[in-house]
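The values are calculated or read from the model by the stated rules, or taken from the named source; none is laboratory data. Given the structure is predicted, the values throughout are model-derived calculations rather than measurements. All Cβ positions, even for glycine, are placed from backbone atoms using ideal geometry, and neighbour counts span all protein chains on display.
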Amino acid sequence: MTFPRIQAKARANIALAKYWGKSDLRYNLPAVPSISLTLDGLLTETTVQLDERLKADRVFLDGRKAGAKESKRVVEMLGRLRKESKSKLFARVDSTNHFPTAAGLASSASGFAALSAAASKAFGLRSSDKRLSAMARWSSASAARSIYGGFVELPAGKLGDSLLAAKKIAPEDHWDVRIVVAVTAKGPKKVGSTEGMERSRKTSPIYDAWVEAAPGLTRKLRRAVKAKDLDRVGSIMEQSTMSFHACAMSSSPGILYWQPGTIAALRTIETLREKGVSVWATMDAGPHVKALCHAKDASRVKRALGRTEGVLSTLVAKPGAGVEVSEL
Ligand code: DP6
């Protein structure tokens with residue numbers, strides 16, 4: 001029997017209030033709440049097809065067979081869904097990232113969101129978005145947010161809360177803002193976020209203060225997003241990003257994600273602000289700078305960042321939609 005080939009499309013997201021730290025390793029629950037914006041154009045397409053001839057799951061990334069390490073979290077998610085659907089079948093997974101060349105952005109959020117949606121349907125499960133978000137979160141917590149479009153919140157999780165999921169706080173057409181990405185280095189980051197946040201939890205003297213402060217920042221940020229107050233969203237976003245980087249830097253051994261181009265891009269943003277442009281910075285577990293601004297200012301911000309020393313390339317993204325699933 002031939003099973004249907006299910007395709008899902010999901011987009012990357014950028015955290016405006018950051019997730020950094022876990023409260024439960026077994027279910028991969030975040031210790032702090034986070035708020036993100038799903039980004040149009042930064043797309044992952046994943047197809048899943050069950051096959052009774054297979055003796056194990058087979059995973060292909062961008063057209064090549066994935067190594068054991070790369071496919072570990074994929075195979076683990078398929079295992080959970082197999083169990084939930086009481087199936088004994090294995091699947092072939094093909095995942096392709098349609099990210100602009102050298103985007104320098106992580107594809108794990110869009111990748112696990114797309115996988116959660118495509119694989120759930122392939123196993124015949126009629127999962128709600130909430131359920132898909134919880135499934136994606138288990139593989140990578142930021143992926144829980146990419147199930148939804150627009151502005152999305154993932155609450156902090158309490159020990160054992162296996163169903164924790166993200167929720168939409170405003171749709172993609174709520175607010176015409178842009179994210180301008182300034183790529184400041186080539187190649188993969190040195191310390192992955194899972195490893196980095198665990199090191200912070202175990203060794204950073206300011207980790208507890210971060211976990212205590214994060215809910216207040218998220219609450220204020222949610223209100224400011226709803227009120228479309230860019231100066232307020234921006235200043236809270238910068239405090240959240242600086243706090244999490246301070247946490248990473250003060251770990252042992254210290255984790256410094258920044259490159260010279262990172263600091264230069266931060267200065268460019270500051271200078272633009274002095275000239276009256278409302279533009280604000282955030283960075284993830286890597287050296288690239290993402291600037292948040294009004295749509296009308298995006299080309300000016302892109303030009304200024306593109307001229308900044310150490311910035312290799314720039315791209316502009318607008319708010320994007322949530323996951324879409326279809327049968328091929
Ligand atoms: C700095 O979602 O990649 O980008 O749950 O361990 O897979 P795991 O971590 P991940 O962490 C993202 C951290 C961040 C901030 C954020 O996106 O909120």
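Side notes on the structure shown:
- Criterion (farther than 20 Å from ALA12 by Cα, out of contact with any helix residue (DSSP H, G or I) (no Cβ under 6 Å at 6 or more places or on another chain) and either within 16 Å of the ligand (Cβ to nearest atom) or in a loop (DSSP other than H, G, I, E, B) (or both)) met by exactly one of HIS245, HIS174: HIS245
- Among (1) more than 26 Å from LEU164 (Cβ to Cβ); (2) of a type in the set (Val, Ile, Thr); (3) within 16 Å of the ligand (Cβ to nearest atom) - the single one THR96 does not satisfy: (3)
- Hits in region 144-161 - residues which are over 30 Å from THR268 (Cα atoms) and modelled with pLDDT of 95 or more: ALA144, ILE147, TYR148, LEU154, PRO155, ALA156, GLY157, ASP161
- Qualifying residue in region 181-193 (condition: part of a helix (DSSP H, G or I) and either over 16 Å from the mean Cα position of the chain (by Cα) or not aliphatic (A, V, I, L, M) (or both)): yes
- Single residue of LEU50, LEU78 found to be touching a strand residue (DSSP E or B) at 6+ places or on another chain (Cβ under 7 Å) and under 30 Å from VAL32 (Cβ atoms): LEU78
- The condition of being in contact with a strand residue (DSSP E or B) (Cβ under 8 Å, 6 or more places away or on another chain), under 27 Å from GLY286 (Cβ atoms) and not basic (Lys, Arg) holds for only one of ALA119, ALA170, that being ALA170.
- The residue of region 118-139 that is surrounded by the most Cβ atoms within 10 Å (Cβ to Cβ), among those that are touching a residue at least 60 places away in the same chain (Cβ under 8 Å) and under 16 Å from the mean Cα position of the chain (by Cα), is LEU132.
- When region 197-235 is filtered for residues that are assigned to a helix (DSSP H, G or I), within 15 Å of the ligand (Cβ to nearest atom), in contact with a Ser or Thr (Cβ under 8 Å, 6 or more places away or on another chain) and within 10 Å of CYS247 (Cα to Cα), the ones remaining, listed by number, are ARG199, SER200, TYR207, TRP210.
- Matching residues in region 6-25 - criterion: being in a strand (DSSP E or B), over 19 Å from SER107 (Cβ atoms) and either away from the ligand (no atom under 16 Å from the Cβ) or within 14 Å of the chain's Cα centre (by Cα) (or both): ILE6, LEU16, ALA17
- Leading residue by the ranking (nearest to the chain's Cα centre (by Cα)) among those in region 237-263 that are small (Gly, Ala, Ser) and under 19 Å from SER36 (Cβ atoms): SER240
- Near pairs, Cβ below 6 angstrom, 6+ apart or cross-chain, from region 246-271 (closer than 19 Å to LYS18 by Cβ) to any residue that is in a helix (DSSP H, G or I) and among the β-branched types (Val, Ile, Thr): SER251/THR203
- Among the residues here, GLY157 does not qualify as touching a residue at least 60 places away in the same chain (Cβ under 8 Å), in a loop (DSSP other than H, G, I, E, B) and in contact with a Gly (Cβ under 9 Å, 6 or more places away or on another chain).
- Unique match (being within 13 Å of the ligand (Cβ to nearest atom), under 23 Å from LEU221 (Cβ atoms) and in contact (Cβ under 8 Å) with a residue 24 or more places away in the chain) among ALA165, ALA113: ALA113
- Identification of strands (runs of 3 or more DSSP E) wholly contained in region 261-328 with 1 or more residues that are touching a Pro at 6+ places or on another chain (Cβ under 9 Å) yields 313-317, 324-327.
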